[in-house]
Amino acid sequence: MSGRRFELLRMLLLLAPLSAGCGGDAPQPSEASATTSATAPSASNDGATAGSAADAPQAADIDVDALLAQAEQHLQLRQGNEALQLLNQAIEAAPERADVYVRRAELLTAADYKAQAVADLTKAIELDPRNARACNTRGYLRMALKEFDAAIEDFSTAVSIDLKYPQPYNNRGLVRISLGEPDKALLDFDAALRIDPDYIDAHNNRGYTLTLLNRHDDAVAALTHAIELDPKYVNAWNNRGLAHKSAGRFDEAVADFNHAIELQPSNTKYYLHRSEALAELGRDAESKADIEHVVWLERLAVADKRVASTGEIPSSWLARAEHMRAGKRYDAALSDVVRAIQLLGPGTPEACDAYVLQARILLEQGHIERAIEAANQALQCRPEQQAYSVRGDAHYQLQNFERAVDDYQQARRLDPMVQQAFTLHAEQLEAKGDIQQAGYFREQASRMSFESRPAAASESAAPLPFPVDVTQPVDDSAEAPKESVSGTQAVAEEPADSVER
């Protein structure tokens, strides 16, 4: 395998945290997709080892279990490419061992190479046809690949091998939901729960299916049981909210969506669901606020991706900081500004705008003296109207109107706040008995007009644009059901991943 492919796998694995799924054998599909032009890592037995064939140890001399243990250590350290090399060596040394193919399949799945993982699992099943968990895991991957008929066949095989294994029933139910067969899906979820009455994913999926069948009270009961089993199980809160909404119980729906948002505040679909319920209640302002927050989150996702892909470019950090500031997430905004300053070089002319943004954020937080310090740093880098402007605002808040007026004049700024600063400075001068100077500043204030002239340097910089299409932020009807299944320490991105809209 080439170094480029190893590096690609490394990046993919960093995007797919290696943690076991909540009671599943198969991994959740990674949300971080590989680029379409990338070549998948080879899952063949030959060509994975480094060096020449003459240098490689003989198969009989290789301790396969030791290789597996070393691979596991590398996985714990997020060193996916090293783990893959060891697994390739293990397969070359012991091609008759099904468990090695299963482990490599898990690694390939974590890197979003599902088709290659299916090939490894197929080999494992050929070597061990009675391995119910391998059949279940392959079925899960085929479900993720939308190979639904093949997935049902695998889940049915797993059930026939082990009648006390609940996960294949649950997963087969998920496929049947995708196929538009909720009645058959309900039978599978019931079968899973007869084996394991506390199988939380099956309770959640059963409740979702009952909602599809318009059995709303039964759906709420099933989802309530899931919540009782785990109050932090976010899918059940969301799905119970959907059941209430479908039944016209919009207050109860809003309460459930509130819980879902508390558990996952960055998940846009919960805001969209709550927005719909609020609109039904006539709470239009709150409904609109949820939609606006979804737009903000979508733009944040764009900013996050930009930072991830251009980590050494200061403008990406500053753009995200400005967006965080707009969302009043000031601590995160300041962290991004500090990183941008590090990249630009502290005290350099290029860092001036970053110091100005830092000053604005600190001022909005109420850290007025620190805001003045940041503005002073900006001015030491380069005379800049925006730096004078924000420092003027800080002096205004300290009621030091003399300094505020001086800064506004340096900023060439003209707006109602500046006019008010001139007036208040005049009042302070009058209180001191300096009537002549007070008259001058009152005269200047009275001459200010804003009808046809925009502010030269307003106190807030416009947020940097993020192109984003939010006309369809969540396609609930088209989203494939997701589930992680249990058994063999599979790699999963999220701990809970049962079906939801």
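The values are calculated or read from the model by the stated rules, or taken from the named source; none is laboratory data. What you see is a predicted model, and the numbers here were worked out from it, not measured in a lab. With ideal geometry, Cβ positions are generated from the backbone for all residues, glycine too; neighbour counts draw on all protein chains shown.
Details
- Cross-chain or 6+ apart pairs with Cβ under 7 Å, the range 412-424 first and in the same structural domain as Gln397 (by TED's automatic domain parsing), then among the β-branched types (Val, Ile, Thr): Ala421/Val405; Phe422/Val405
- All positions within the range 414-430 that are of a type outside the set (A, V, I, L, M, F, W, C) and more than 13 Å from Gln444 (Cβ to Cβ): Asp415, Pro416, Glu427, Gln428, Glu430
- Among the residues listed as Asn131, Asn136, the single one being over 31 Å from the mean Cα position of the chain (by Cα) and not aliphatic (A, V, I, L, M): Asn131
- If the condition is being of a type in the set (Asp, Glu) and at pLDDT below 95, then the range 297-328 contributes only Glu312.
- Subset of the range 129-161 [in a loop (DSSP other than H, G, I, E, B) and crowded, with 17+ Cβ neighbours inside 10 Å]: Asn131, Glu147
- Whichever residue in the range 87-122 is within 14 Å of Arg133 (Cα to Cα) and of a type in the set (Asp, Glu) and, among such residues, is surrounded by the fewest Cβ atoms within 10 Å (Cβ to Cβ): Asp99
- Count of the range 142-176 residues which are in contact with a Ser or Thr (Cβ under 7 Å, 6 or more places away or on another chain) and closer than 18 Å to Ala124 by Cβ: 1
- Among the conditions (1) aliphatic (A, V, I, L, M); (2) touching a residue at least 24 places away in the same chain (Cβ under 8 Å); (3) more than 30 Å from Gln358 (Cβ to Cβ), the only one that Leu300 does not satisfy is (3).
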